[in-house]
Amino acid sequence: MCGLSRQTGFTAPGAEPRYNYAARRAALRATWFPGHPEERAWFESEHSVVLRFIIGSSANASDELALQQEEQEHGDFMRLPLQEDYRALPNKTRTFFRAVTQQWDPDWVIKMDDDVYLNTARLLDAARQWDVMGAQYVGCMKHGVVWRQPGALPVEAVSGTNC
């Protein structure tokens, strides 16, 4: 991802209304995440970075209606065809990556939690460095060392230290 001619989706997942994720999204919109559709459109056009909250559906009809109203008001959701459930986060992550690569052709995909306050200028600088380094994966794979071999995708080691 870079401020050139690239598109990158990145996420602040979470929509289980019982934990009031709407308040977290509102806090992000009040800080670093562009709070109005016009601001987001400008940011995405200027930096070639796509910003979305990644959300499935709620089993609770009133919670789902609230999500739909918030989505209509802000237009910053990427809705996934799955039901929100903390135990289903691995499936949500796979579905998210699949949806991003089907909708865009990103150089980088950044996935983050909704309690992250991002310095977007630093992210763009970091992405330029990742490009120079030829990095294919930046982050934490919870189980240890990431092994790299030319021509192959990064692989998580079976043993090692956790992040």
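Key figures for this structure:
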read-out: Residue match in the stretch 138-148 (condition: within 18 Å of V49 (Cα to Cα) and either at pLDDT below 70 or out of contact with any Lys or Arg (no Cβ under 7 Å at 6 or more places or on another chain) (or both)); value: yes
read-out: Residue selected from the stretch 53-76 under the condition of a type in the set (D, E) and assigned to a helix (DSSP H, G or I), by the criterion surrounded by the fewest Cβ atoms within 10 Å (Cβ to Cβ); value: E73
read-out: Output for the stretch 77-107, where each listed residue is in a strand (DSSP E or B) and surrounded by fewer than 12 Cβ atoms within 10 Å (Cβ to Cβ); value: P81
read-out: Subset tally (residues that are open to solvent by 80 Å² or more (accessible area, probe 1.4 Å) and either farther than 10 Å from H74 by Cβ or aliphatic (A, V, I, L, M) (or both)) for the stretch 32-49; value: 5
read-out: Total residues in the stretch 111-129, condition more than 17 Å from V100 (Cβ to Cβ) and either in a strand (DSSP E or B) or free of Cβ contacts under 8 Å to residues at least 60 places away in the same chain (or both); value: 5
read-out: Selection status of P17, at pLDDT below 90, surrounded by 12 or more Cβ atoms within 10 Å (Cβ to Cβ), over 22 Å from L118 (Cβ atoms) and not acidic (D, E); value: yes
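The values are calculated or read from the model by the stated rules, or taken from the named source; none is laboratory data. From a predicted model like this one, the values you see are computed outputs, not experimental measurements. Don't worry about glycine lacking a Cβ; one is built from the backbone with ideal geometry, like all the others, and counts go over all protein chains shown. With ligands, DNA and RNA removed, areas are computed over all heavy atoms of the protein, side chains included. Shrake-Rupley method; radii C 1.70, N 1.55, O 1.52, S 1.80 Å.
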